[in-house]
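First comes the structure, then the notes that go with it.
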Amino acid sequence: MATLLREIKAKIINLEYEVIPHNTTSQVMVKGNLVKEIFYVNKKGIVKQYDSELPFTVKLDTPDLTPDLTLIAQGEIEHISHRLSADGHQVEQQYIISITLFPKEKFITRSQHFLIRSVDQLDDSEHIKKITLPEDKAKANGQYKENEIIPIPNFTFLIEQKVHSLRQDMEETLRSEIKEKVHKDLENKLRIEIENKLYEELEDKIRREFGNNIENQLNKRFALLEKEKQLSELKEKHEQTIKWQELRRKSAQQKLYGYHIKG
């Protein structure tokens, strides 16, 4: 039982081929073994290694190759993906492999990609488990389910198409981000302009109201000062009038008693 799948390593060994001639075209049957090394962590926290060999057989269409040619077969692992089951007892794997054939006599190559799906039962024994079983015996012992091998036509084209699709998505995302940024910049610019305009209007309004208030206050102040000046002048005139009246009264009394006032 595995709690964590650390890594899977794989390689192709023991490649053999057989040319199958037809009336219109030729096919080459290629057999080999897919060697797998599965590293996982068991429930005790110990890293374990599970090794197995998976026999496989694939066919390649080779219209330019004839049975009399001596071929060289090469196999490469292009991609590995895996998924651990919920109970930790099984690991499902997918391998994309490339098989390439080329004759020694002339420069012609034929390459084909295949998808191999496989399931392994993980053994939690203390020793390293290694199996090298024929395909039918492995199925009978339950080491893995029936393997599925799917030819992938135009694999390079599919990769280029995927890359092109990803590039388009990235460009669209970038355009959206730029558009959003430009929209935000315009929105911020418009907001700043509106705020500045409102500030100007508010300042103008305050300036006008403040100026009017000052003018009104000054007018009131001037009116009050003018009124106070008038009252002061009236008071001064009133005091002078009282003073002259008092002088005239005293002068009249002095004349009455025989005093003569010169001047």
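Quick note: the coordinates plus some simple rules give every number you see, no bench work behind them. On a predicted model such as this, the values are computed, not experimentally measured, just so you know. In this analysis, Cβ positions are derived from the backbone assuming ideal geometry, glycine residues included, and neighbour counts consider all displayed protein chains.
Using a basic spin-label model with each label point 7 Å from the Cα along Cα→Cβ, how many nm lie between Lys43 and Gln27?
Result for the modelled spin labels: 4.7 nm.
Quick one: the Cα spread of segment 1-103 along its three principal axes, in angstroms, biggest first?
Projected onto the principal axes, the Cα atoms of segment 1-103 cover 59, 20, 18 Å.
Which pairs break 21 Å Cα to Cα here: Lys9/Lys104; Lys11/Lys48; Lys9/Lys59? Could the numbers behind the result be given before it?
Values: Lys9/Lys104 31 Å; Lys11/Lys48 19 Å; Lys9/Lys59 24 Å.
Correct reply: Lys9/Lys104; Lys9/Lys59.
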